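Okay, structure first, notes after.
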Amino acid sequence: MGGFGAALSRYAVFEGRSRRREYWGFMVGLWLIGLTIGILYVGGGASVESSGEGSWLSVVALVLAGLVGIAFFIPTLAVGWRRCHDVGIPGGVAIIGLFVPLVIYIIALIPGNTGPNEYGPDPKA
């Protein structure tokens, strides 16, 4: 899970390049956090009880999901931006990935440019 820590260490850095390992390590970490919150939500009895009230655990999970979404918005955009740079695409394309995730996932599968490119040195070097 080294990619998760590497991406967080560059929380709001939109310059440079990120390898596939960093991008996918970050995304898997984020998905695991989301899965954990989802389990809390379901475990809290997310379905409304006959009294019409939900569980406090479900409410906590929803608040937690909102906070995680806010906290990880910038690093998610930044790592996608740097991943675009690694394949020689302008980072702004990562914004499209916020609305159509398939776009950034496809870009994230493409091997990065070998050697330096206009966005910086090869992160594998």
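Evaluate the range 30-41: report whether one residue or more is small (Gly, Ala, Ser) and either more than 17 Å from GLY5 (Cα to Cα) or in contact (Cβ under 8 Å) with a residue 60 or more places away in the chain (or both).
There is at least one residue in the range 30-41 that is small (Gly, Ala, Ser) and either more than 17 Å from GLY5 (Cα to Cα) or in contact (Cβ under 8 Å) with a residue 60 or more places away in the chain (or both).
What is the residue count in the range 106-124 for residues that are loosely packed, with under 15 Cβ neighbours inside 10 Å and among the aromatic types (Phe, Trp, Tyr)?
Going through the range 106-124 one residue at a time, the tally reaches 0.
Which members of the range 42-51 meet the condition of being open to solvent by 50 Å² or more (accessible area, probe 1.4 Å) and either modelled with pLDDT under 75 or under 30 Å from ALA94 (Cα atoms) (or both)?
If the condition is that a residue be open to solvent by 50 Å² or more (accessible area, probe 1.4 Å) and either modelled with pLDDT under 75 or under 30 Å from ALA94 (Cα atoms) (or both), then SER47, VAL48, GLU49, SER50, SER51 are the ones that fit.
Of all residues in the range 2-41 being of a type in the set (Val, Ile, Thr) and under 22 Å from GLY91 (Cβ atoms), which is surrounded by the most Cβ atoms within 10 Å (Cβ to Cβ)?
Filtering first and then ranking leaves VAL13.
Is at least one residue of the range 17-30 under 30 Å from PRO116 (Cβ atoms), polar (S, T, N, Q) and touching a helix residue (DSSP H, G or I) at 6+ places or on another chain (Cβ under 6 Å)? Before you say what the answer is, go through the steps one by one.
The first filter runs over the range 17-30 and keeps only residues under 30 Å from PRO116 (Cβ atoms), leaving 17-30.
Next cut, polar (S, T, N, Q) only: 18.
Keeping just the survivors that are touching a helix residue (DSSP H, G or I) at 6+ places or on another chain (Cβ under 6 Å) gives 18.
Yes, there is a match, as at least one residue in the range 17-30 is under 30 Å from PRO116 (Cβ atoms), polar (S, T, N, Q) and touching a helix residue (DSSP H, G or I) at 6+ places or on another chain (Cβ under 6 Å).
Among the listed residues LEU102, LEU62, identify the single one that is without any contact (Cβ under 8 Å) to a residue 12 or more places away in the chain, out of contact with any helix residue (DSSP H, G or I) (no Cβ under 6 Å at 6 or more places or on another chain), assigned to a helix (DSSP H, G or I) and open to solvent by 20 Å² or more (accessible area, probe 1.4 Å).
One residue alone meets the criteria, LEU102.
Just the residues that are assigned to a loop (DSSP other than H, G, I, E, B), open to solvent by less than 50 Å² (accessible area, probe 1.4 Å) and farther than 19 Å from ALA6 by Cα, please, taken from the range 69-99.
GLY88, ILE89, GLY92
The values are calculated or read from the model by the stated rules, or taken from the named source; none is laboratory data. What you see is a predicted model, and the numbers here were worked out from it, not measured in a lab. Methodologically, a virtual Cβ is constructed for each residue, glycine included, from the backbone with ideal geometry; neighbour enumeration extends over all protein chains shown. Just so you know, the surface numbers come from the protein's heavy atoms only, side chains and all, with ligands and any DNA or RNA stripped out. Shrake-Rupley method; radii C 1.70, N 1.55, O 1.52, S 1.80 Å.
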